[in-house]
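Read the structure below first, then the notes.
What follows draws every value from the coordinates through simple rules; no lab data is involved. These figures come from a predicted structure and were not determined experimentally. Reconstructed Cβ throughout: ideal geometry from the backbone, glycine too, with neighbour counts over all protein chains shown.
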Amino acid sequence: MPTRSKFPADRKALIAFLVLCLMTAGLVSTAAADGQQSPRSGSDDFTLTVLHNNDGESQLVNAGVGIEDFGGVARFATVVKETRRDARRGPDNGAIFVSSGDNFLAGPEFSAGLADGVFYDARALDMLRYDAISLGNHDFDFGPDVLAEFINDYRRPGKPPYLSANADFSAEPALQALADRKVIVPSTVIHEKGERIGIIGAITPQLLFISSPRGVVIDPDVAGAIQAEIDALEARGVDKIVLISHLQNVAEDLDLAPLLSGIDVMVAGGGDEVLANPDDPLVPGDVAFGAYPLVATNADGVDVPVVTTAGDYKYLGELEVQFDENGVVTGWEGGPIRIAGGDQPDAVRSSRPMQRKVVEPVAAYLDNLAANVLAQSAVALEGRRDPGIRTEETNLGNLMADSLLWQATQKAAEFGVPEPDVALQNGGGIRNNTLIPAGPLTELDTFSIAAFSNFVAVAPDIPRDQFRQILERAVSAAPAAAGQFAQVGGFDFVYDTSRTAQTIDGTTGAILTAGDRVTAIVLDDGSIICCDGNNAVVPGAGLTVATIDFLARGGDGYPFFGAPFTPVGVSYQQALAGYLTGPLAGQVTAAAYPEGGEGRIIDATP
């Protein structure tokens, strides 16, 4: 693929470039007249290969059902080793290997480590020998203490460093101890072939709403925090600077680039986008989001390559960046390397150490879960994201919400709380991202669906208007896919996306615009909660809500606003398993859970 040339106009080379222009004015004029570029000395150039991935999310064995010949961290390890070795050949060639976060995720694979007393993801990351890793939102899903234990589980203390320029850990002793030891840092410098490469990390300011960081404080001024690190690195003479961020999608990095001066390369995470060029082979089912790389313009007016990969160890990104003697990017080329095995033409052998120490024990645990059949489903259960559980009612969403409502009702007396009227499950908490075919539902399926460490919780006496605002938050991003989209039990509701959407403060969660998309809320017993002739809630008693503790704490921006809630001692995965084997007696019927849902959520947009 062609190399993209750029005019060296950034501030790091301004003085040197002006001097060069004065010394070679005649040559430049002649070259311009001939339509050619002036030559540059190859001996002073340096090619840096940025190897990268993101969102591995504990998908250690393979890429999933139907695509078992792809992904897998043991195959990934082979490709990394061979590609990094090849990239470093030659005196003027170097390589760095980075991750843009979310290297583990709650689910059956992570549970294998909890059962065996081993963080298998940490073992895998240690063996892969990253140069730096950006913190991601899922790294905080089990809370700061588990994250600290995870990082401490590496056999090479402090290697790799975890990066975030906009996070303050001072209120979390375990993480602050890692920061004090320089294991978690805003940036790091890697030495390659006599060159110094600065790497800076950043994490989304939405962390409070989408994970469980507890006392970790995220600076919403992402650009300011990163720029301070760029300036500090440049003051030390570092002239090659890479950002690895987890801002939730590559669009955030494209918007960030114009605010940064001195940035050379940006590696995004969190969005699962596939960037590829026409000849790049993709995993079946993947569709390119855009070209590899995308290009943004920084505050200096200089083009910057922006890259990312789909997660699940399906690809290794390989971006070759050419720098001149002044640290100015003069071009780049690259693309994603598909991770394949089996009979695929680009198949690679699995790394035997990785296979033995990571993949095999995890696979054995998964096989045991898969052998335990909990129920039979007469219908396919829709757990895909878009269209699916993040955009509309689905039968799997209904099943999850009903399991919360049932479990909270069963536990109410034991925990001294009222029996719930309604149930809410966010689409983002349903993690399998597959259409589960009709047939057996196993314990493995319940872990894949309900992957996080969320507990069933009861929030009593939520005022009706506040409950409506919670639903306004749920549909605020519609029709776009969003994790806050609600799957519900115990009631039906109607919304209209042509009406005003709720907006919130991204840092505090305060409602900035109330929104009026929700036009009807009716309980299963026929009670009307909303709306009267003036589109207002009908006066009456508050509602007791069964949900998960993540949402009750304000996760996904749900405006519970500190309302008291009580976890009832059962995870949402356990609730789902218990509901399948208890009230449903091992049968998911088409009558109870029809494909396409049963009209609990109605989009009335004209």
Taking the Cα atoms of the stretch 230-290 alone, what are Rg (to one decimal) and Dmax (as a whole number) in Å?
14.7, 46
Binning every alpha carbon pair distance of the stretch 373-603 at 10 Å from zero, what are the percents per bin?
8, 36, 38, 16, 2, 0
If the chain between Ala378 and Leu523 were fully stretched, how many nm would it gain, using 0.36 nm times the residue separation less the Cα-Cα distance?
49.5 nm
Descending packing, highest mean Cβ count within 10 Å first, for 437-443, 270-276 is 270-276, 437-443
If Lys and Arg each add +1 and Asp and Glu each add -1, what is the summed charge of the other residues whose beta carbon sits under 12 Å from the beta carbon of Ile389?
0
Which ³J(HN,Hα) values, rounded to whole Hz and listed in residue order, are derived for the stretch 580-585 from phi using the Karplus coefficients 6.51, -1.76 and 1.60 in 6.51 cos²θ - 1.76 cosθ + 1.60 with θ = phi - 60°, glycine and proline given as x?
5, 8, x, x, 7, 6
Sort 247-256, 83-92 by the packing proxy (mean of other Cβ within 10 Å over each peptide's residues), most packed first.
247-256, 83-92
Using R₀ = 30 Å, calculate the FRET efficiency as 1/(1 + (r/R₀)^6) where r is the Cβ-Cβ separation of Arg349 and Glu149; round to 0.05.
0.40
Be a star and scan the stretch 457-476 for residues whose amide nitrogen sits under 14 Å from the point 7 Å along the Cα-to-Cβ vector of Ala563.
457-474
Counting Lys and Arg as +1 and Asp and Glu as -1, each charge on the Cβ, what is the dipole of the stretch 373-603 about the Cα centre in debye, to the nearest 20?
440
Using only Cα atoms, locate the centre of the stretch 368-408 and the centre of the stretch 51-112, then give the distance between them in Å, rounded to an integer.
30
Between Arg356 and Asp532, what length comes free when the chain is fully extended (0.36 nm per residue of separation minus the Cα-Cα distance, one decimal in nm)?
57.0 nm
Which value results for Rg/Rh of the chain when Rg is the Cα radius of gyration and Rh the Kirkwood radius based on the inverse mean 1/r?
1.01
Sorted from largest down, give the three principal axis spans of the alpha carbons of the stretch 434-511, whole angstrom values.
42, 31, 29
Regarding the stretch 491-606, what are the three Cα extents along the principal axes, ordered largest first, in Å?
44, 33, 27
A correct Karplus calculation of ³J(HN,Hα) over the stretch 389-399, with 6.51 cos²θ - 1.76 cosθ + 1.60, θ = phi - 60°, whole Hz and x for Gly and Pro, returns 5, 9, 9, 6, 4, 9, 5, 5, x, 5, 4
